[in-house]
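Note sheet for the following structure.
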Amino acid sequence: MSAAPRFALGVDLGGTRLRAAAMTEAGKILASEEMPTEANGGPDRILADILRLVETVSTGIAAEAIEGLCVCAPGPLDARNGIALHIPTLPGFDDFPLAAMLGEKLPYPVSLENDGIAAAVAEWRYGAGRGVDNLVYMTVSTGIGGGVIADGRVLYGRMGMAGHIGHMSIRPDGNVCPCGNAGCFEAYGSGTAFTARGRVAAARRRDSSLSRYADSLHARDIFAAAREGDALARDLVAEEAEILGQGVRNLLHLYSPDLVVIGGGIANAFDQLEGGIRAYIAARALPPFRTMPIRRAELGDRSGVVGTAALAFAHAKRKA
Ligand SMILES: [Zn+2]
């Protein structure tokens, strides 16, 4: 047995940013690097970019000291077999054997995970969820994703696809979701849906400070106007909190977590949403669930690389 330090590599392949990091098992990041995702360059270009970033962050680390590399991407993907099934934001990644393609070029094991699961693991191991056995992580930005830790283990489900919480149905005949179905939680609660409601409302309400933005209105403008007391903006924020509360209420009843962690872009306004989410749960969850804590994610945009590096360590142990 060698006492030499061990490392793992994490890669977060997102629709707009590609990130990589080298990390110790204690969660110390030695090097990290990021670049825009060349989504239209197709899988070949993206694979080349991943290899370049991996080379950069592992400079100076002996290959034998690297336990493995884990890549996360938006689902759905077959994590068990390392295959991207269909990534809506990345054309060409259909039934694509991402882990095997990278593994051919690298001297250590390569695995693939859903990005929601990776972020859940990051918050559980190194962020807001340290020390709990049951955690639901929910990321709200362009879409809604998530991951579940249950009884001290990552909940994978069939093909590693558990935790696609954005596609819970909250209005069976409702708005169309990017997935093609109607009435998904994502179609109402995402930052995209929130902004779209804001634009429609602002166009109708000339008395609101939001009306000057027209179609350039962004979620952060709504939160800023709400802070300044704009009545329409406050209504929009209250509505968003209620929708998120509806999703969290379902998750509490399904998983009985010790903690719900909310990440993604919307977490920047967590202080403005928290009260409304809690109020909804206090009114609508079964009584024993009403006091369940909700916390803001701590790792921000590092959650993908931290979670994947942690998973690369876990995968190496499972194989040992
Ligand atoms: Zn959907």
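Just to be sure I understand, how many residues within segment 111-144 are among the aromatic types (F, W, Y), within 19 Å of E186 (Cα to Cα) and out of contact with any Asp or Glu (no Cβ under 7 Å at 6 or more places or on another chain)?
The first filter runs over segment 111-144 and keeps only residues among the aromatic types (F, W, Y), leaving 124, 126, 137.
From what is left, the residues that are within 19 Å of E186 (Cα to Cα) are 137.
Cutting the leftovers down to out of contact with any Asp or Glu (no Cβ under 7 Å at 6 or more places or on another chain) gives us none.
Final tally of qualifying residues: 0.
Which of the residues belonging to segment 169-178 are free of Cβ contacts under 8 Å to residues at least 40 places away in the same chain and either within 9 Å of the ligand (Cβ to nearest atom) or under 19 Å from the mean Cα position of the chain (by Cα) (or both)? Can you show your working first?
Going through segment 169-178, the residues free of Cβ contacts under 8 Å to residues at least 40 places away in the same chain turn out to be 169, 171-177.
Correct list: S169, V176, C177.
Looking only at residues in segment 180-226 that are more than 15 Å from A267 (Cα to Cα), small (G, A, S) and within 16 Å of the ligand (Cβ to nearest atom), the one that is surrounded by the most Cβ atoms within 10 Å (Cβ to Cβ) is A187. Test G166 against the stated conditions and say whether it is within 10 Å of the ligand (Cβ to nearest atom) and in contact with a helix residue (DSSP H, G or I) (Cβ under 9 Å, 6 or more places away or on another chain). So G166 passes the test.
So is G147 part of a strand (DSSP E or B), closer than 16 Å to L299 by Cβ and either within 14 Å of the ligand (Cβ to nearest atom) or in contact with an Asp or Glu (Cβ under 9 Å, 6 or more places away or on another chain) (or both) or not? Can you show your working first?
Numbers: part of a strand (DSSP E or B): yes; closer than 16 Å to L299 by Cβ: yes; either within 14 Å of the ligand (Cβ to nearest atom) or in contact with an Asp or Glu (Cβ under 9 Å, 6 or more places away or on another chain) (or both): yes.
In short, yes.
For A283, the requirement of being part of a helix (DSSP H, G or I) and either among the polar types (S, T, N, Q) or surrounded by 14 or more Cβ atoms within 10 Å (Cβ to Cβ) (or both) is not met.
Scanning segment 121-131 for any residue that is among the hydroxyl-bearing types (S, T, Y), surrounded by fewer than 15 Cβ atoms within 10 Å (Cβ to Cβ) and either in contact with a His (Cβ under 7 Å, 6 or more places away or on another chain) or not in a strand (DSSP E or B) (or both) turns up nothing.
No value in this document is a laboratory result; all are computed from the given coordinates. Note that the structure is predicted; figures quoted are calculated from it, not measured. Virtual Cβ from ideal backbone geometry, glycine too; neighbours counted across all protein chains shown.
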